[in-house]
Amino acid sequence: MAQINFLRDRSPLFNILFLAALALFCTGIFSLLVMMVIQLAWGIPVFSDPAALSDLNNPAILNPMKFLQAMYSIGLFIVPCFLFLKLAQENSFRFLKMKAVPAITSLFIVFGIILTVQPLVELTGKWNAAFPFPEAFGIKEWIKQAEEQGEVVTKAFLKADNAGVFILNVFIMAFLPALGEEIFFRGMIQQYTTKAVKNVYIAIVITAIIFSAFHFQFLGFLPRMLLGIILGCIFVWSGNIWLAVFAHFLNNGAAVTLDYLNQRNVINEEQLESVASDNVLVVVLSLVLLGMFLFVLYKRQIASPPQADRNDENLQPQ
């Protein structure tokens, strides 16, 4: 097979669009393969009955759906990125900044960032939910129905009767999305956007908007965009994709864990969310501590940037 060099000579925008097309192509291939596996392994007639996987109240449907979700994360986010970088003749692990193992201190700082941002996430979520979406053309009703359907699917996926199912949920709902989405959005989209706009912080915001819009959950757009900005800063300031993956995993994993504890009647999740967003003192303290953790990460990493990145001026903060 002849080597393909044209990606190196194209504009960053072209590369982003090519990556998006490649992601759609890989998703289609993976979806077909997954449907074949589901029909053969579980005996569900997905090809003759397109609605065969729609009954989430049927326990026999959940495992195939979780398998589909896991493969979706791999086929849509991970495989296209590595295939793209192979076609572009880039060193995948170097380009995605996956070579270095994060320092323990950096992991603790990121843990502090994700912990202290949660009240702000809850607060922006309430602001977002109160936004007066237009009723024209049924937009408001469509958004409401989409959110309700998404909530039904999420609750079905997160239902766990034992610790084994909980661990599986953490892997499928927290780890795989964290790994795939960080590689795709921060590792690829954000870096090519930085090359296009020549300013890393504008690229962080643009990528965060794309990241949030991609999920098609408009009542959670603002908090997800806030998280996207935080994740983008972590990636840029650390020069290490694993720290961004760790932060994303902590955020997703916390949601899965809290839901599991709520199911076991260990905690009341609604009360925790209310305390986090309604108490002004908690929000102010969260903002102060978040700023401190971000500042420490910035000073720690900018003072000693990774050697591999020092010659790449497009990816340095400007």
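The values are calculated or read from the model by the stated rules, or taken from the named source; none is laboratory data. Since we're looking at a predicted model, the values are computed, not measured. For neighbour counting, all protein chains shown are included, and Cβ atoms are generated from backbone atoms with ideal geometry for every residue, glycine included.
Identify all residues within region 46-98 that are of a type in the set (K, R) and in contact (Cβ under 8 Å) with a residue 24 or more places away in the chain; write none if there are none.
Once the filter is applied, which keeps residues that are of a type in the set (K, R) and in contact (Cβ under 8 Å) with a residue 24 or more places away in the chain, region 46-98 yields K66, R94, K97.
Any idea which of (1) surrounded by fewer than 20 Cβ atoms within 10 Å (Cβ to Cβ); (2) modelled with pLDDT of 90 or more is the one V121 doesn't satisfy?
Of everything listed in (1) surrounded by fewer than 20 Cβ atoms within 10 Å (Cβ to Cβ); (2) modelled with pLDDT of 90 or more, V121 misses just condition (1).
For I230, all conditions in the list (1) surrounded by fewer than 20 Cβ atoms within 10 Å (Cβ to Cβ); (2) in contact with a helix residue (DSSP H, G or I) (Cβ under 9 Å, 6 or more places away or on another chain) hold save one; what is the number of the exception?
Every condition holds for I230 apart from (1).
Go through region 212-254 residue by residue and tally those that are among the aromatic types (F, W, Y) and within 18 Å of Q118 (Cβ to Cβ).
Looking only at that region, the number is 3.
Got a number for residues in region 132-143 being in contact with a Phe, Trp or Tyr (Cβ under 9 Å, 6 or more places away or on another chain) and either in contact (Cβ under 8 Å) with a residue 60 or more places away in the chain or charged (D, E, K, R) (or both)?
3
Give me the helices (runs of 4 or more DSSP H) completely within region 181-260, filtered to those with at least 2 residues that are in contact with a Pro (Cβ under 6 Å, 6 or more places away or on another chain) and charged (D, E, K, R), ordered by residue number.
none
Answer with yes or no whether M35 is under 23 Å from P177 (Cβ atoms), over 17 Å from the mean Cα position of the chain (by Cα) and in contact (Cβ under 8 Å) with a residue 60 or more places away in the chain.
no
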